[in-house]
Structures are given as C-alpha cells and as structure tokens.
1. Which of the residues belonging to segment 249-289 are of a type in the set (Gly, Ala, Ser), part of a strand (DSSP E or B) and surrounded by 14 or more Cβ atoms within 10 Å (Cβ to Cβ)?
2. Considering every residue within segment 193-201, establish whether at least one is in contact (Cβ under 8 Å) with a residue 40 or more places away in the chain, within 20 Å of Ile102 (Cα to Cα), of a type outside the set (Phe, Trp, Tyr) and not in a strand (DSSP E or B).
3. Which count do you get for residues in segment 111-135 that are touching a residue at least 40 places away in the same chain (Cβ under 8 Å) and under 22 Å from Asp73 (Cα atoms)?
4. With respect to Thr138, is the statement that it is in contact (Cβ under 8 Å) with a residue 12 or more places away in the chain, under 17 Å from Gly115 (Cα atoms) and not in a loop (DSSP other than H, G, I, E, B) true?
5. For Arg214, indicate whether it is closer than 20 Å to Tyr95 by Cα, of a type in the set (D, E, K, R) and over 18 Å from the mean Cα position of the chain (by Cα).
6. Got at least one residue in segment 184-191 being surrounded by fewer than 19 Cβ atoms within 10 Å (Cβ to Cβ), under 23 Å from the mean Cα position of the chain (by Cα), under 30 Å from Ala114 (Cβ atoms) and touching a residue at least 40 places away in the same chain (Cβ under 8 Å)?
7. Of the residues in segment 202-227, how many are touching a Pro at 6+ places or on another chain (Cβ under 9 Å) and in contact (Cβ under 8 Å) with a residue 40 or more places away in the chain?
8. Which of the following residues is closer than 29 Å to Asn202 by Cα, among the small types (Gly, Ala, Ser) and not assigned by TED's automatic domain parsing to the domain that holds Tyr213: Ala312, Ala245, Ala239?
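The values are calculated or read from the model by the stated rules, or taken from the named source; none is laboratory data. All values derive from a computational prediction rather than experimental measurement. Cβ placement follows ideal geometry from the backbone for every residue including glycine, while neighbour counts extend to all protein chains displayed.
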Amino acid sequence: MPARSLLRTQALALSLAGALAASALIAAAPASAAAAAADSAEIAWTIETVDGPHGEGRPNFSYAVDPGTVLTDALRVTNTGRQPLDLAVYAADAYTTPTGNIDLDTPDLTPDDAGAWVSTDTDRLVLQPGEQSEISFTVRVPDGAAPGDHSAGLITSLLNTQQGTLSVDRRLATRISVRVSGDLVPAVDVSDVVAQYQDSWNPFAPGILVLDYRLTNTGNTRVTASETLTASAPAGLFATTAPVAALPEVIPGSTIDVHRELEIAPWGVISGTVSLSPEAVGLGAQQLDAVVLEFSTPAVPWAVLVVILVVAALVVLTVLLVRRRARRTAASSAAAA
C-alpha cells in the first residue's frame, strides 16, 4: 500500500459504528472565528444508510461475502444547511491511525483494498437546502480476494474556498466493512516497549511510570485487546495494578502507539508486566493467546534524596556551629581563669 498522507483536520470523527466528519485545512491562511461559525451554520449535511436487503437501521455498511460477490447498496444524503451543496462522492481505503482512530486515505491516494472494490452511480451530487438524495453503490469483490477483513469508507466531500486564500475540504463518510470468507487468522505483534520513570518534585508524592509500546495487527481480521499493567518494587514488593484498559479496534496492517501512565513510588528500580488479551472483531470473533511483556526501569527518588541531602547538610552545619560555640565558651572560660 502506498504511503498515506494525512490531512490536517479541524474536526475528525469516524466511530467504529458510524460516520466520519472531517474538515481538512489545505492551505493555511487567517480567517475570523465569526466567519467560520457562520459558515458552519450555512453549510451542513447528513448521511445515513438506506434500509434494504442487507439490513435496516444500520450504523454503517458491513458485509460477509465470498470472493467474486457483487452487491449493491445505497447511502442517503440530506442537505440540512441553508446553502446549496456540490459534493464529490468517492470511496477510499480505511486504516487505524497510530492514535487509535479510524481514518480514510486522502483523495490523492489510489485505493488498493476495499476502496477499490466500491463504485458509485455518480461522482458528484448537487443538493438544494432541505433536499435529499440516495447514492447507489456497488461492491465488486475480486475472485482472488484474500480472506479476512477489508475496510473502506464512502465519502461525500465539499471543497470550498473562502476569501480566495483558504481552501477547506469537508468530508462526511460512513464506513464499509467487508469480510471475505476463508481462513481467518487473527494475529498481533507488540514491539518497541519503552518504560520510563518520572519522579515527582514532591518527596511525599508518588512519581509516574510511563510505558509506551506499539501494537500491529499482523493478521487478516480486525482486532482489539484488553490490557493489564502491573508494576512493583524489586522482588515484587508494593505491587500496583492499573485498571484494565480496552485498546481500540485495529484494522489489518495498521499499527497503534499505546501510551500508559501509572502512579507508583520510586523504589530505585521498578519492574513489571503488561499483559494483553487480543481478540478478533466481528463474526466468528475469537480470543487470541495472551501476550505478556516484561519491563524494568530505574526509579531514583531524586526529590527524597534532595530532602535527605538538605537535612544532612543542616545537621552537619548545626553540629559545626555547636562545636564552634563550645570551643569559644571553653576559650572564654580559660581566659577568665
């Protein structure tokens, strides 16, 4: 798959079950907040799946098919704003971003997965305020399509230029998930585990264990995972366990960067484990073998050491002053005698 170029977005929301809305800044230029707010009120539209043989009340499009399958479906678009809309309509491949969000390839990238299987009956849709229309599309699964999950999105996009300098690409899309029959092989790989300790400036407060790692979906199904993080002092003493965390859905071939923080006292050295329980998503979901990773990092209690050094210095200074005063008193007594 070609390298992806991400749009810098003003707003982006593609849920696992629903639609994506993106406003992408193409050329940076100053613009007033009032003008932007007014523009948002003037331009707005919604999308929804159309009920049919593939389901009713669907949050998005999801199909379980055999290689060579050809199916048709439809998306309803409604202009809810006060301005006419001239929308581009196209499909793109979907992927999971490193932050765990579902995103779609930008228009300059040619789809090479499920996005290439989708064709629409039109590549342009013009709607007057209050008007709605249905976009019919066809999914043609290749005869040699690989088994597993293939993800795409059907996008409606409005590119407009404000004041001749600012171009904004507003995208509203819904997800298309295609599971091709055959051997399903869910698998994950965890790498680049890095543990660090951030001591607190307060000697009476715990510091923060910071753990980062990468999870890559190396299988052919969408996966998610639950994570348990445990850390302790040497010999397993004073163990602390973070609440179980759910990782986001990861599309095959995508990688997410996971960042975790856990409060724990600086015991000189902190070690522990992060345990992942991966699970395939969708029909025939199955639990994978747990992945357990060990880590260790120095955790020097610098704030406590500073306090100890200050106290020690004060004690030494006090002793020296007392001894000096004692010598002076002894010398004065000797001179008086």
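1. So the first thing to find is which residues in segment 249-289 are of a type in the set (Gly, Ala, Ser), and the list is 253-254, 265, 268, 271-272, 275, 277, 280, 282, 284-285.
Those still in the list that are part of a strand (DSSP E or B) too: 268, 271-272, 275, 277, 280.
Ser271, Gly272, Ser275, Ser277, Ala280 - these are the residues of segment 249-289 that are of a type in the set (Gly, Ala, Ser), part of a strand (DSSP E or B) and surrounded by 14 or more Cβ atoms within 10 Å (Cβ to Cβ).
2. No, segment 193-201 contains no residue that is in contact (Cβ under 8 Å) with a residue 40 or more places away in the chain, within 20 Å of Ile102 (Cα to Cα), of a type outside the set (Phe, Trp, Tyr) and not in a strand (DSSP E or B).
3. Taking segment 111-135 and keeping what is touching a residue at least 40 places away in the same chain (Cβ under 8 Å), we get 111-114, 117-118, 125-135.
Next cut, under 22 Å from Asp73 (Cα atoms) only: 111-114, 117-118, 125-127, 131-135.
Final tally of qualifying residues: 14.
4. Details: in contact (Cβ under 8 Å) with a residue 12 or more places away in the chain: yes; under 17 Å from Gly115 (Cα atoms): yes; not in a loop (DSSP other than H, G, I, E, B): yes.
Spelling it out, Thr138 is indeed in contact (Cβ under 8 Å) with a residue 12 or more places away in the chain, under 17 Å from Gly115 (Cα atoms) and not in a loop (DSSP other than H, G, I, E, B).
5. On the way: closer than 20 Å to Tyr95 by Cα: yes; of a type in the set (D, E, K, R): yes; over 18 Å from the mean Cα position of the chain (by Cα): no.
No; evaluated as a whole, the condition is false for this residue.
6. If we filter segment 184-191 for residues that are surrounded by fewer than 19 Cβ atoms within 10 Å (Cβ to Cβ), which is where we start, we get 185, 187, 189-191.
Add one more test, that the residue is under 23 Å from the mean Cα position of the chain (by Cα), and what stays is 187, 189-191.
From what is left, the residues that are under 30 Å from Ala114 (Cβ atoms) are 187, 189-191.
Keeping just the survivors that are touching a residue at least 40 places away in the same chain (Cβ under 8 Å) gives 187, 190.
The answer is yes, given that some residue of segment 184-191 is surrounded by fewer than 19 Cβ atoms within 10 Å (Cβ to Cβ), under 23 Å from the mean Cα position of the chain (by Cα), under 30 Å from Ala114 (Cβ atoms) and touching a residue at least 40 places away in the same chain (Cβ under 8 Å).
7. Filtering segment 202-227 for residues touching a Pro at 6+ places or on another chain (Cβ under 9 Å) gives 203, 206-207, 214-215, 217-226.
Now narrow it down to the ones that are in contact (Cβ under 8 Å) with a residue 40 or more places away in the chain: 203, 206-207, 214-215, 217, 219-226.
Qualifying residue count for the region: 14.
8. Ala312
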